[in-house]
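The values are calculated or read from the model by the stated rules, or taken from the named source; none is laboratory data. The model shown is predicted, which means the values in this text are computed figures rather than measured ones. With ideal geometry, Cβ positions are generated from the backbone for all residues, glycine too; neighbour counts draw on all protein chains shown.
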Amino acid sequence: MKQFKLGLVINPIAGIGGSVALKGSDGVGIAEQAIALGATAKSNARALLALEILLPYKENIVIYTAAGDMGEYTAKALGFNTEVVHQPVNEITTALDTEQTVMTLINLDIDLLLFAGGDGTARNVCHIVEDKFPVLGIPAGCKIHSGVYAITPKAAGRVVELMITNQLVSLTDADVMDIDESLFRQGIVKAKRFGEMQVPSELRYIQAVKSGGKESDELVLQDIAADVISKMDDELFIIGSGSTTAFVMEELALENTLLGVDAVCEQVLIESDLTEPKLWQLIQPYAQGKVKLVITLIGGQGHIFGRGNQQLSPRVIRAIGKENILIIATKTKLNALQARPLIADTGDSELDIELSGYLAVTTGYNDQVLYPVASPQ
């Protein structure tokens, strides 16, 4: 089983004012006031409930977290392999500690950020994360209006368990909401949307528009193609080989090289059947992030690189960037792998490791799942 890199951020004072009628923990001096009134923090206990679900897999998990009550104590108490990436300055932590921890985690290529708190904590996380990696909240605050939280702490653990055991997990965009606590304390509820984050959730196999709840390959491929096409503007899209990617070209009414690599910009075919040198030359004028690579997997085997697309060399893949790779496949095709990971076999072992982890796979229109990618053994 691949080692799972789990980011963990616990807001130790999340919801601390709830039990003493302070309506939360946001605001200068609120945490101190709550403690003076006898309130006790509960967020670590709730994070513990989520992490206990993962104990059977702890040999395959590394937790990256902040020192003390922000995650270190709870993770180590359960025996997880724990690495501390941030040291809070003061005994009572602040929103800045959360943001600095998350900022550090961005550079560690984690598979998922698990955080415990309330809507204020979700706002802090969202401010830094954007769409750099998926997140999941453990509900521990007074206010849980945001859609980024699991229903219960144990439910959060169960979703992470699905990921660790290579089950198909949907990746959805969820709103980050919060209310003004100062107004709330005056009896006025005023909620506001502050952004959205990508959240893993249990995969729903029954689709409302599909006959009998089963995927019709052609309808699903149309949905996948529509999703890719909706993303096409002035960027250069490199279309890899395979029948699934060929369907995208078919929907664009463009000629396709089934076993080759084509280039499309603004839905117009730029080059066909590119060699590696031509592809390398073609992408040079484009700024970083302005080239997208659309690939699929070899059915039954799971290879995304190294078989049938050697034109996509290590230097080309590095130039495009992992974050600009769009993997497309039907859920039927993914399920046929029977939980085996996708394989990146580029011929460059360091790049294979860099590509490993959980990547989003587009399985329909605005429908993605998280699926593990591994380097060859």
_Given the criteria assigned by TED's automatic domain parsing to the domain that holds Ile144 and at pLDDT 95 or above, does Pro56 qualify?_
yes
*With the condition kept exactly as written, say whether any residue in segment 180-194 is crowded, with 18+ Cβ neighbours inside 10 Å and at pLDDT 85 or above.*
no
*From the list Phe115, Phe133, pick out the single residue that is crowded, with 19+ Cβ neighbours inside 10 Å and modelled with pLDDT of 95 or more.*
Phe115
*Which residues, taken from segment 63-83, are surrounded by 18 or more Cβ atoms within 10 Å (Cβ to Cβ) and aliphatic (A, V, I, L, M)?*
Ile63, Ala66, Met70, Ala75
_Scope segment 59-80; condition over 14 Å from Val9 (Cα atoms) and either outside the structural domain of Thr101 (by TED's automatic domain parsing) or touching a helix residue (DSSP H, G or I) at 6+ places or on another chain (Cβ under 9 Å) (or both); matching residues_ = Asn60, Ile61, Ala77, Leu78, Gly79, Phe80
*List every residue pair whose Cβ atoms lie under 8 Å apart, where the two residues are 6 or more positions apart in sequence or sit on different chains, the first residue falls within segment 50-73 and is closer than 12 Å to Ala116 by Cβ, and the second residue, located anywhere, is part of a loop (DSSP other than H, G, I, E, B) and among the aliphatic types (A, V, I, L, M).*
Ala50/Ala150; Leu51/Leu78; Asp69/Ala41
*Inside segment 162-171, can you point out the residues that are in contact (Cβ under 8 Å) with a residue 60 or more places away in the chain and out of contact with any helix residue (DSSP H, G or I) (no Cβ under 7 Å at 6 or more places or on another chain)?*
Met163, Thr165, Asn166, Gln167, Ser170, Leu171
*Condition met for Glu215 (of a type in the set (Asp, Glu), at pLDDT below 60 and farther than 25 Å from Leu136 by Cβ)*: yes
*Count - residues of segment 136-158 that are hydrophobic (A, V, I, L, M, F, W, C) and buried (at least 24 other Cβ atoms within 10 Å of the Cβ)*: 5
